[in-house]
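Engineer: I have a structure I would like to understand better, so I am pasting it below and will then ask my questions one at a time.
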Number of protein chains: 2
Amino acid sequence: MSKAKVTPWEVKGVVDYERLIEEFGTNHLTEPLIKKIEKAAKKSHHMLRRKIFFSHRDLEIFLKEHEEGKSVALYTGRGPSGNTHLGHIVPWIFCKYLQDALDIPLYFQITDDEKFLCKDLTLEETNKLAYENALDFIAMGFDPKKTFIFVDTDYAKTMYKIAIKVAKKVTASSAQAVFGFDNSTNIGMYFWPAMQSATCFLPTVHQKKPTRTLIPAAIDQDPYWRIARDVAPKLGYPKTAAIHCTFLPSLLGPEGKMSTSEGSHATIFTTDTPDEVKKKINKYAFSGGKDTLEEHRKHGGNPAIDAAYQWLTFFEEDDKKLKSIRDNYKSGKLLSGELKAILIEKVNAFLKVHQKKRELARKHIDKFILKD
Amino acid sequence: MSKAKVTPWEVKGVVDYERLIEEFGTNHLTEPLIKKIEKAAKKSHHMLRRKIFFSHRDLEIFLKEHEEGKSVALYTGRGPSGNTHLGHIVPWIFCKYLQDALDIPLYFQITDDEKFLCKDLTLEETNKLAYENALDFIAMGFDPKKTFIFVDTDYAKTMYKIAIKVAKKVTASSAQAVFGFDNSTNIGMYFWPAMQSATCFLPTVHQKKPTRTLIPAAIDQDPYWRIARDVAPKLGYPKTAAIHCTFLPSLLGPEGKMSTSEGSHATIFTTDTPDEVKKKINKYAFSGGKDTLEEHRKHGGNPAIDAAYQWLTFFEEDDKKLKSIRDNYKSGKLLSGELKAILIEKVNAFLKVHQKKRELARKHIDKFILKD
């Protein structure tokens, strides 16, 4: 087993989430805390029940302030380096739950600047992708009255003013330590953590009152907010809170996360056709089944390493259904191909609705976009 | 004599301008080139005749393109760390000559972001100073139809888009080599050369056609544009040209330049009263005269180290008048106090008109300001 590498730009190897909590210095999302969220939300969520969200920072404070009627907001985002895939929408599904539950503003940052600076893409390309990605976010059903989407370069007048206040408090050596920058890194990337951090404080500026943010995001994004949390008291802003999820695993197997950079052949995009989804899952989804039918019927499959099963833990909300799939797979009753067929049906049912909403979102996108 | 130190933030010691040309790799402003400017301008300028402007980069190309009717523009600026003093307006006087002469657009960048990032000032302070400084610039008499003033943070949406294109091409080690940044420098300063460089390319974006810029500025600002010139071909922009002037010397003596950071007691601000000007010059202007009246009458003064005389080379346009002052001072006919009185009268006459125009400018500033 290779040692996992987890940075905001790369996830390699089998991720040991327990070790990440220790390394990153975050806290376990404990049962009492899950209960608190569910109480505030007045309903449960499968991503909490299944520990897909597993770690946090200052979530207690955030929930307490919400309870006390203080100003709080959600913040998540997207780096527009390509089309949206199913891995990206995992935190968004949870954001939708939280926004509905807590009835609070949500800020969605699309970082066309970062993806331009760190990828072999033009700014025109990342900016165009930004607005395409925004459609996927809107398609999740967010309330336009309290959901504020912005694309960094098109909201730079507001963002730059906040970002330089952050930047003044962050030395090059901090940025190097947190992000692994070196002398060959371009000066745009050096500055960029300040733009990312600025979003933690944007709600305070935008709501015109101190507003604590909660960031639901995959754990690899945590380093950005360590900087934001460090500078918050120096700038007089509330420290941002965070709630971290695991990665949607790669279809190809239990190492790394689903990522377009590993090749789009095994990535399921929100714009894929039913046939593409079927082909990708059938061809690439790493199987936890046995080599022969006979063996499988006898010994059963291993859901822990089976990509199709792992994906169902993210997308099949019904605990009973999931348990029955698991039991049948482990017992050998359910074959790997049949398990894949269940996932294909689930994904295609989701995408059918999503793609309709996504096209509808083109007409309504202006209601969501913050511009200078 | 201490070895001079010349960086964009500090000028110390007696500056050897010949050595700077060699060190910075710029070119002498030769007589044939001065003739070319004067021919294009259809008139002479005392700052050219007296080699106050003494160095350049690619000025021939700039003048040739102007002659051929290609799009060219001027670019200068101001770092708003305090009130405007007479040292700041030296390049502006020359800009006014060039704009009138060549009939071309002029871009004026006010860097409230930089001064916030590198000084102990709030962004609110540098932003306020920016608009105060702009009044001094407008008071020089620029044409609002072709003069575009912008304050970085209020034009950041436009500037950031250009700046990140520059930033992607500049590594941290380049920025360290050119600006002397180290690991303790804040990440805003690391990025900032990209904002400065961006102005070289702004005219191309704003005029919607390739536009070569010419930067009249004191030579200590040259490093910024070395980066801009390096990246220009990579981004498909014309390389910016520059014309460099010497520093208005400190009143306190022949070392360094006039600078507010050395204490405002010996700095003449554009908002000073006639009495303040009189007191500062009488009290602080370093004298090249002899210690006793007798000695002075016998041996005469030394204009080369006399601050009042040196200042007159910047502000007294009439060559004959200046020569007669010089001759009389050298011969001992003119006393140090009398020389100071000439400068006081000259400066106060200038400021009387300037301050009126400066107040008028408050009403017209909007005609000049570029905003996103």
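The values are calculated or read from the model by the stated rules, or taken from the named source; none is laboratory data. These numbers come from a predicted model, not from an experiment. Glycine also receives a Cβ, built like all others from the backbone with ideal geometry; neighbour counts cover every protein chain displayed.
Engineer: Enumerate the pairs (first residue in region B:297-312 and within 16 Å of residue B:332 (Cβ to Cβ); second residue anywhere and among the charged types (D, E, K, R)) with beta-carbon separation below 7 Å, excluding pairs fewer than 6 apart on the same chain, so at least 6 apart or on different chains.
Structural biologist: B:299/B:290; B:300/B:330; B:301/B:290; B:301/B:330; B:303/B:326; B:303/B:330; B:308/B:340; B:309/B:326
Engineer: Another question, if that's okay. Here is a list: A:361, A:266, A:304. Which entry is out of contact with any Asp or Glu (no Cβ under 7 Å at 6 or more places or on another chain) and more than 21 Å from residue A:136 (Cβ to Cβ)?
Structural biologist: Going through A:361, A:266, A:304 in turn, just one is out of contact with any Asp or Glu (no Cβ under 7 Å at 6 or more places or on another chain) and more than 21 Å from residue A:136 (Cβ to Cβ): A:304.
Engineer: Taking residue B:105 as the residue in question, decide whether it is away from every other protein chain (no Cβ under 13 Å) and crowded, with 18+ Cβ neighbours inside 10 Å.
Structural biologist: Judged against the criteria, residue B:105 is a match.
Engineer: Could you check region A:191-210 and list, in sequence order, the residues that are more than 22 Å from the chain's Cα centre (by Cα) and closer than 17 Å to residue A:71 by Cα?
Structural biologist: Of everything in region A:191-210, those that are more than 22 Å from the chain's Cα centre (by Cα) and closer than 17 Å to residue A:71 by Cα turn out to be A:204, A:205, A:206, A:207, A:208, A:209, A:210.
Engineer: Of everything in region B:323-340 that's touching a residue at least 40 places away in the same chain (Cβ under 8 Å) and touching a Leu at 6+ places or on another chain (Cβ under 9 Å), which residue is farthest from residue B:296 (Cα to Cα)?
Structural biologist: Filtering first and then ranking leaves B:339.
Engineer: Take residue B:366 and decide whether it is in a loop (DSSP other than H, G, I, E, B) and loosely packed, with under 13 Cβ neighbours inside 10 Å.
Structural biologist: no
Engineer: Filter region B:182-194 for residues that are without any contact (Cβ under 8 Å) to a residue 12 or more places away in the chain and either among the β-branched types (Val, Ile, Thr) or facing chain A (nearest Cβ under 7 Å) (or both); which is surrounded by the fewest Cβ atoms within 10 Å (Cβ to Cβ)?
Structural biologist: Step one: of region B:182-194, the residues without any contact (Cβ under 8 Å) to a residue 12 or more places away in the chain are B:182-185, B:187.
Filter again for either among the β-branched types (Val, Ile, Thr) or facing chain A (nearest Cβ under 7 Å) (or both), leaving B:183-185, B:187.
Working: B:183: 14, B:184: 9, B:185: 21, B:187: 32.
If we take residues in region B:182-194 being without any contact (Cβ under 8 Å) to a residue 12 or more places away in the chain and either among the β-branched types (Val, Ile, Thr) or facing chain A (nearest Cβ under 7 Å) (or both), then B:184 is surrounded by the fewest Cβ atoms within 10 Å (Cβ to Cβ).
Engineer: Just to be sure before I move on: is residue B:178 at pLDDT 95 or above, within 14 Å of another protein chain (Cβ to nearest Cβ) and either surrounded by 22 or more Cβ atoms within 10 Å (Cβ to Cβ) or not in a loop (DSSP other than H, G, I, E, B) (or both) in the structure I sent? Quick ask: steps written out before the conclusion?
Structural biologist: Details: at pLDDT 95 or above: no; within 14 Å of another protein chain (Cβ to nearest Cβ): yes; either surrounded by 22 or more Cβ atoms within 10 Å (Cβ to Cβ) or not in a loop (DSSP other than H, G, I, E, B) (or both): yes.
For residue B:178, the condition - at pLDDT 95 or above, within 14 Å of another protein chain (Cβ to nearest Cβ) and either surrounded by 22 or more Cβ atoms within 10 Å (Cβ to Cβ) or not in a loop (DSSP other than H, G, I, E, B) (or both) - is not met.
Engineer: Filter region A:34-84 down to the residues that are among the charged types (D, E, K, R) and crowded, with 22+ Cβ neighbours inside 10 Å, then identify the one that is nearest to residue A:238 (Cα to Cα).
Structural biologist: So the residue we want is A:57.
Engineer: Something else about it: Might you let me know whether region B:187-210 holds any residue that is in a loop (DSSP other than H, G, I, E, B), touching a strand residue (DSSP E or B) at 6+ places or on another chain (Cβ under 8 Å) and hydroxyl-bearing (Ser, Thr, Tyr)?
Structural biologist: no
Engineer: I need the full set of residues from region B:127-169 which are under 20 Å from the mean Cα position of the chain (by Cα), more than 10 Å from chain A (Cβ to nearest Cβ) and in a helix (DSSP H, G or I), in order please.
Structural biologist: B:129, B:130, B:131, B:132, B:133, B:134, B:135, B:136, B:137, B:138
Engineer: If the Cβ limit is 6 Å and pairs must be 6+ apart or interchain, which residue in region A:341-359 that is of a type outside the set (Ser, Thr, Tyr) pairs with which residue that is surrounded by fewer than 16 Cβ atoms within 10 Å (Cβ to Cβ)?
Structural biologist: Short answer, once both residue conditions are applied: A:348/A:274.
For every residue, the table says whether it meets (1) out of contact with any helix residue (DSSP H, G or I) (no Cβ under 8 Å at 6 or more places or on another chain); (2) hydroxyl-bearing (Ser, Thr, Tyr).
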{"site": "A:150", "(1), (2)": "no, no"}
{"site": "A:158", "(1), (2)": "no, yes"}
{"site": "A:161", "(1), (2)": "no, no"}
{"site": "A:167", "(1), (2)": "no, no"}
{"site": "A:173", "(1), (2)": "yes, yes"}
{"site": "A:181", "(1), (2)": "no, no"}
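Engineer: So which of A:360, A:370, A:351 is under 22 Å from residue A:132 (Cα atoms), within 14 Å of chain B (Cβ to nearest Cβ) and out of contact with any helix residue (DSSP H, G or I) (no Cβ under 6 Å at 6 or more places or on another chain)? I'd like the intermediate steps shown before the answer.
Structural biologist: Numbers: A:360 fails: within 14 Å of chain B (Cβ to nearest Cβ); A:351 fails: within 14 Å of chain B (Cβ to nearest Cβ).
Criteria check complete, one pass: A:370.
Engineer: Would you say residue B:144 is surrounded by fewer than 18 Cβ atoms within 10 Å (Cβ to Cβ) and in contact with a His (Cβ under 9 Å, 6 or more places away or on another chain)?
Structural biologist: Spelling it out, residue B:144 is indeed surrounded by fewer than 18 Cβ atoms within 10 Å (Cβ to Cβ) and in contact with a His (Cβ under 9 Å, 6 or more places away or on another chain).
Engineer: State all residues of region A:61-80 that are over 22 Å from residue A:206 (Cβ atoms) and either at pLDDT 95 or above or basic (Lys, Arg) (or both); if no residue qualifies, say none.
Structural biologist: A:64
Engineer: Are any residues in region B:112-126 β-branched (Val, Ile, Thr) and outside any helix (DSSP H, G or I), and if so, which ones?
Structural biologist: B:122
Engineer: Restricting attention to helices (runs of 4 or more DSSP H) lying wholly within region A:234-320, give those where 2 or more residues are acidic (Asp, Glu) and not assigned by TED's automatic domain parsing to the domain that holds residue A:57.
Structural biologist: Because the criterion is at least 2 residues that are acidic (Asp, Glu) and not assigned by TED's automatic domain parsing to the domain that holds residue A:57, the helices (runs of 4 or more DSSP H) in region A:234-320 that meet it are A:274-284, A:293-299.
Engineer: So which residues in region A:185-213 are out of contact with any helix residue (DSSP H, G or I) (no Cβ under 7 Å at 6 or more places or on another chain) and more than 16 Å from residue A:159 (Cα to Cα), if there are any at all? Step through it out loud before you land on a result.
Structural biologist: Let us first name the residues in region A:185-213 that are out of contact with any helix residue (DSSP H, G or I) (no Cβ under 7 Å at 6 or more places or on another chain), namely A:199, A:203-204, A:206-209.
Result: A:209, single match.
Engineer: Quick one: which residue in A:323, A:290, A:330 is over 22 Å from the mean Cα position of the chain (by Cα) and surrounded by fewer than 16 Cβ atoms within 10 Å (Cβ to Cβ)?
Structural biologist: A:323
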